[in-house]
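Written out below as structure tokens is the structure these notes cover.
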Amino acid sequence: MKLAPTVLWSRAVDAPPPPPTDPPAYIYAPTDIAPRSDRERKLCERASTVDWLYLSALVLADVATIYVDGQVFKYQNESQLRTIGPALVGLTWGATLGAIYPALPKCDPTWISYAPPEGEVRSSLPYALSMALLAGATAPVIMGIETGPLKDNWTTTERVTRVLVSGATGFIGALLPYWTVISPRTWRAGQELAKIRAWGDSNGAFLGYGFQF
């Protein structure tokens, strides 16, 4: 009678644990610089070359808006319609300048850079704002060269408006390539790869912490 509890306790200890429902998330070590999965390889391939198609489309958009402004909007009778041309020219010019960095390679097949455990210390915001200011300052110059001699019947208010509108849309256009919906494929792939490296290669997310003495 005294051996029964011992046998039952031994069986309970030796029983195998239940199988896990979900595989544990992969935690990236500092030496994990190469792609670890097929998804990472595909994303790295997309982000490893310049997005020339995106940049070429923006250059064609510059040519198209300059042509439309010089052939259509410039000769409209209403001043409000004549302002549409500078807005479009500034927007495409700003997007072209702003897309230079997002369209550049963001990954190398043999080296994937990602934020350390303490978080990302570098930010693309200062560069993006710098290019936005540059686009806002140069868009009126591009618009002025394209417009040529101004008409005598254009008021001072309209002339100032053309400068302000082109500069404002140039500033806004330079920030559009960072918007995920219309950003270059290199930027989208790089951002997705950064999310994978930040949260682990799993369907969920995890939260960690540490102390240093």
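The values are calculated or read from the model by the stated rules, or taken from the named source; none is laboratory data. Values in this document were obtained by computation on a predicted structure and should not be read as measured data. Glycine also receives a Cβ, built like all others from the backbone with ideal geometry; neighbour counts cover every protein chain displayed. What goes into the accessible areas is simple: the full protein's heavy atoms, side chains included, and nothing from ligands, DNA or RNA. Shrake-Rupley method; radii C 1.70, N 1.55, O 1.52, S 1.80 Å.
Does Ile100 satisfy the condition of being in a loop (DSSP other than H, G, I, E, B) and modelled with pLDDT of 90 or more? Steps first, answer last, please.
Working: in a loop (DSSP other than H, G, I, E, B): yes; modelled with pLDDT of 90 or more: yes.
Considered against the rule, which asks whether it is in a loop (DSSP other than H, G, I, E, B) and modelled with pLDDT of 90 or more, Ile100 comes out as yes.
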Please go through region 66-86 and give me each residue that is at pLDDT 90 or above and aromatic (Phe, Trp, Tyr), ordered by number. Tyr67, Phe73
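Select from region 15-64 the residues that are of a type in the set (S, T, N, Q) and either assigned to a loop (DSSP other than H, G, I, E, B) or open to solvent by 100 Å² or more (accessible area, probe 1.4 Å) (or both) and write down the one among them that is modelled with the lowest pLDDT. Let's see the steps before the verdict.
Residues of region 15-64 that are of a type in the set (S, T, N, Q), as a first pass: 21, 31, 37, 48-49, 56.
Add one more test, that the residue is either assigned to a loop (DSSP other than H, G, I, E, B) or open to solvent by 100 Å² or more (accessible area, probe 1.4 Å) (or both), and what stays is 21, 31, 37, 48-49.
Values: Thr21: 54, Thr31: 51, Ser37: 63, Ser48: 86, Thr49: 90.
Checking each candidate, the answer is Thr31.
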Residue tally, condition surrounded by 15 or more Cβ atoms within 10 Å (Cβ to Cβ) and over 14 Å from Leu150 (Cα atoms), over region 70-84: 1
Every residue in region 157-213 that is among the small types (Gly, Ala, Ser), assigned to a helix (DSSP H, G or I) and either under 17 Å from the mean Cα position of the chain (by Cα) or modelled with pLDDT under 90 (or both), please. Gly173, Ala174, Ala189, Gly190, Ala194, Ala198
Checked region 119-150 for anything surrounded by 11 or more Cβ atoms within 10 Å (Cβ to Cβ) and small (Gly, Ala, Ser); matches are Ser124, Ala128, Ser130, Ala132, Ala135, Gly136, Ala137, Ala139, Gly144
